[in-house]
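> Handing you this structure, nothing more for now.
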Amino acid sequence: MKNLIELQGIKKYFPINYRLFDRKKKWVKAVDGVDIRIEKREVFSLVGESGSGKTTLANLILGITQPTEGNIFFKGKEISMMKNKDLKEFHKSISVVFQDPFSSLNPRMTIMDILKEPIMENIGVIKNKDLKEYINILLNKTALREEHLFRYAHEFSGGQRQRIAITRAIAAKPEFIVLDEPTSGLDVSIQAQILNLLLDLKEKYESISFLFISHDMAVIRYVSTRIAVMYKGKIVELANNSDLFNNPLHPYTKHLLESVPNFKSINKKSGKIKSKEFNTFSNVNENKNICNYYFKCHYRDRECLNCTQELHFVGNNHYTACNKIGGNLFKSEEIIK
Amino acid sequence: MTNKLLEIENLKLNFNDYMGTVEVLDKISFSLNKNSWLGLVGESGCGKSVTAFTILRLLPESAEIKNGDILFKEANILAKTEKEMQKIRGKEISMIFQEPQSALDPSMRIGAHITETIRAHRKINRKEVKLQALDILEKVEISNPRYYLNRYPHELSGGMNQRVCIALALVNDPSLLIADEFTTSLDVTIQKRILELVLEIQKLNKMSVLFITHDLALAHECCDYIVVMYAGQIVEKGRADKVLSSPAHPYTKALLNSIPGISKDVKRLQSIDGVVPNLIKPPAGCRFHTRCKHKIPNICDKLFPKVRHLDDGHQAWCHLL
């Protein structure tokens with residue numbers, strides 16, 4: 001079975017309580033029907049802007065919050081049904097690296113303590129000598145030095161702290177690492193260090209899968225195997241790395257790609273880049289079936305007022321929730337299939 | 001009548017910290033023409049924001065300007081009194097920052113922010129102020145401005161708040177806008193719109209923009225000229241397209257090679273070993289020598305390089321050239 005993690009129909013709704021006697025309960029649909037499978041030995045990336053639901057999705061996978069609906073499977077076993085032994089194994093197999101390297105390391109612990117903790121917790125008690133040897137191997141993998149072990153987190157720069165966080169994440173030999181915007185707060189040259197480190201770890205540790213979350217398309221391009229694009233709690237497109245960038249099939253993905261500043265921009269300072277302004281106030285009533293992206297979409301038509309927004313397969317491991325782009329491609333692929 | 005709006009000449013700035021004297025800025029010289037965008041680029045700690053604050057004379061008590069001149073419209077900014085500076089800030093020179101929620105007062109409505117800014121610099125009656133407030137909100141593409149005049153900052157999204165900050169900066173028609181990483185906290189699609197907006201307004205008003213950013217690709221999108229800073233010094237400057245397509249300084253080159261892109265070929269990113277030096281006892285000679293792969297021993301670590309003039313105003317400070 002090649003799926004390490006599988007999500008089926010995952011929803012996470014947060015209630016909004018305006019008044020005590022509201023007839024209709026309103027919800028923030030942070031994650032609104034997501035199906036994902038993450039395979040062994042891949043870097044699966046979630047890309048989306050703020051409010052897309054990617055961090056909530058990561059929290060659901062990590063077990064930090066519980067889904068409102070849906071199932072999460074780890075190696076074929078459903079998480080909420082897991083009992084002691086399986087649950088422990090599940091927790092041992094996953095680790096996480098957060099965005100903020102300043103708040104994710106305990107300021108009262110030395111680096112040695114920070115690294116020892118997951119080892120003792122998940123691998124068990126080992127002799128000091130073996131522990132020392134093992135930690136040295138870890139430090140080597142992430143280009144940290146032995147003298148760093150006896151210092152405290154505040155003595156290190158942001159990039160170094162993030163490397164410590166990554167060392168901590170691999171310490172207990174996990175099968176799955178979640179990285180939530182691990183380089184967003186770092187300078188570009190430091191970011192390069194961390195991204196290269198991740199790629200190296202992927203090579204060296206053949207059995208680890210990564211869930212990489214970011215809003216930065218360029219970073220995603222550099223590290224990913226497969227990419228899911230999220231918008232307002234739903235996955236709008238899912239494809240292999242090069243496919244997504246060479247052949248985006250959802251209007252939102254296209255919009256994201258066009259917005260990335262790059263060095264080849266021909267429209268520089270000519271004022272020709274004029275993104276269409278759409279009025280966010282609309283007279284359309286709360287139509288429950290309207291596509292989430294309708295109001296900002298350049299490809300919309302009347303059909304979009306009533307759309308299931310379900311992902312459909314278009315061939316070559318590529319899924320999209322919209323059929324307005326490359327519509328013909330989609331149809332011809334069906335015939336070939 | 002010169003075309004130069006802002007001229008900074010040989011600026012040297014120290015902070016007198018309890019730990020020692022931090023040599024924050026050293027030999028900073030550049031000029032900004034009228035109706036032009038200049039990008040001040042560099043990573044965190046290089047001194048770009050401090051340069052902006054020096055121009056606006058908003059430095060902390062511990063700051064000491066050891067040397068240098070700052071000429072704005074041919075008048076020496078460093079010689080002005082605080083009262084004179086207050087007339088300049090918000091009117092001749094405006095600034096927008098990275099975090100709109102920190103820049104706005106959470107207890108004041110949007111309308112109040114704008115009227116306060118207008119009235120600080122002009123004698124104007126209530127009715128006219130309100131009209132101008134509505135006008136500027138429309139200019140920054142906030143639809144339904146009447147509604148937003150009465151809202152509080154927390155009721156607006158990040159992108160809208162940033163538009164409000166831009167409105168505040170532009171309402172008194174400044175000649176110079178200093179933009180300090182003003183799109184960093186925004187989503188990439190919003191960032192694009194806001195940048196386009198400021199570009200349009202800049203063209204319309206023939207304003208100059210000093211754009212501070214760590215994002216070289218963004219700088220390429222909008223800047224005419226670019227100044228690359230490292231550890232408080234300028235390492236390279238010139239026309240943006242020239243510097244970014246043919247960088248001369250090892251730091252600029254390394255920086256460009258560390259930026260991931262979305263093009264077809266995905267090359268291995270180059271990182272720069274080591275960390276930014278401590279500026280309390282900055283490295284002698286070229287401050288980048290501690291991390292430079294091409295360092296020439298006994299030269300790069302002893303002598304500060306003389307400027308190398310490459311063609312068309314492109315300058316770099318490196319012994320290798």
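> So, in region A:140-276, how many Lys pairs have Cα atoms under 26 Å apart, if the pair is 8 or more places apart or on different chains?
Here the count comes out as 20.
> While we're on this one: Kindly provide the GluC sites (Glu not before Pro) of region A:161-225 that DSSP labels as loop, not H, G, I, E or B, and whose Cβ sees at most 16 other Cβ atoms within 10 Å. Don't skip to the answer; put the middle values down first.
On the way: sites: A:175, A:203, A:206; in loops: A:175, A:206.
Listed in order of number, the matching sites are A:206.
> Compute the acute angle (0 to 90°) between the alpha-carbon long axis of helix B:126-139 and the principal axis of greatest extent of the alpha-carbon atoms of chain B; round to the nearest 10°.
50
> If you fit an axis through the alpha-carbon atoms of helix B:158-170 and take the longest principal axis of the Cα set of chain B, what angle between them do you get, 0 to 90°, nearest 10?
Relative to chain B, helix B:158-170 is tipped by roughly 90 degrees.
> Of the listed pairs B:73/B:123; A:2/A:40; A:40/A:132; B:73/B:206; A:12/A:54; B:27/B:253, which have alpha-carbon separations greater than 18 Å here?
Working: B:73/B:123 24 Å; A:2/A:40 6 Å; A:40/A:132 30 Å; B:73/B:206 15 Å; A:12/A:54 11 Å; B:27/B:253 22 Å.
Checking Cα-Cα distances, B:73/B:123; A:40/A:132; B:27/B:253 exceed 18 Å.
> If you don't mind, another one. At 222 nm, what helix-only mean residue ellipticity would the protein assembly as shown give, in deg cm²/dmol to the nearest 500, using -39500 (n - 2.57) for each DSSP H run of four or more?
Details: 21 runs with 210 residues, N = 658.
Calculated at 222 nm, the ellipticity per residue is -9500 deg cm²/dmol.
> Turning to a different aspect of this structure: Could you list A:260, B:275 so that the one with the fewest beta carbons within 10 Å of its beta carbon is first and the one with the most is last?
On the way: A:260 19, B:275 14.
Going from least to most buried by this count: B:275, A:260.
> Still on this model: Using the number of other C-beta atoms within 10 angstrom as an exposure proxy, rank A:299, A:319 with the fewest first.
Numbers: A:299 14, A:319 19.
So the ranking, lowest neighbour count to highest, is A:299, A:319.
> Which whole number gives the average, over all residues in B:188-199, of C-beta atoms from other chains lying within 10 Å of the residue C-beta? Mind showing how you got there, number by number?
Working: counts 12, 10, 3, 4, 8, 5, 0, 3, 6, 0, 0, 5.
For this peptide, the per-residue mean of nearby foreign Cβ atoms is 5.
> Counting only DSSP beta bridges with both residues in the protein assembly as shown, what percent are antiparallel, rounded to the nearest 5? Don't skip to the end; give the middle numbers.
Working: 60 of 97 bridges.
Just about 60 percent of them are antiparallel.
> Further question: When Lys and Arg each count +1 and Asp and Glu each count -1, what net charge do the other residues less than 12 Å away from residue A:66, Cβ to Cβ, add up to? Intermediate values should be presented prior to the final figure.
Numbers: positive: A:11, A:12; negative: A:69.
So the environment of residue A:66 carries a net charge of +1.
> Which shape class applies to chain B: rounded if a/c is under 1.5, otherwise prolate when a/b exceeds b/c and oblate if not, where a ≥ b ≥ c are the square roots of the Cα gyration tensor eigenvalues? Intermediate values should be presented prior to the final figure.
Working: a/c = 2.01, a/b = 1.58, b/c = 1.27.
Prolate shape, in that a/c is at least 1.5 and a/b is the bigger ratio.
> Would you tally the net charge around residue B:98, using a Cβ to Cβ cut-off of less than 11 Å, leaving residue B:98 out, and scoring K and R as +1, D and E as -1?
Working: positive: none; negative: B:99, B:180, B:181.
Charge balance near residue B:98 sits at -3.
> Give the Debye-formula value of log10 I(q)/I(0) at each listed q (0.10 Å⁻¹), with one equal scatterer per alpha carbon of the protein assembly as shown, two decimals each.
Debye curve over Cα of the protein assembly as shown, log10 I(q)/I(0) at q = 0.10 Å⁻¹: -1.08.
> Helix B:188-205 sits at what angle to the longest principal axis of chain B, using alpha carbons and giving 0 to 90 degrees rounded to 10?
With both axes taken from Cα atoms, the answer is about 80 degrees.
> Moving on to the next point. On a straight-distance basis, which aspartates and glutamates could pair with residue B:34 in a cross-link, Cα separation under 17 angstrom, same-chain partners fewer than 8 positions away excluded?
B:7, B:74, B:92, B:173, B:200, B:224
> For each of A:211, B:204, count neighbouring Cβ atoms within 10 Å of the residue's Cβ, then give the residues from fewest to most.
With the sparsest Cβ surroundings first, the list reads B:204, A:211.
> Add +1 for every Lys or Arg and -1 for every Asp or Glu among the other residues with Cβ under 15 Å from the Cβ of residue B:132, and state the total.
Values: positive: B:91, B:119, B:122, B:123, B:126, B:127, B:130, B:139, B:146; negative: B:116, B:128, B:135, B:138, B:173.
My count for the surroundings of residue B:132 gives +4.
Each reported figure results from applying straightforward, stated rules to the coordinates on display, with no laboratory input. Since the model is a prediction, treat every value here as computed from it, not as a measurement. All Cβ positions, even for glycine, are placed from backbone atoms using ideal geometry, and neighbour counts span all protein chains on display.
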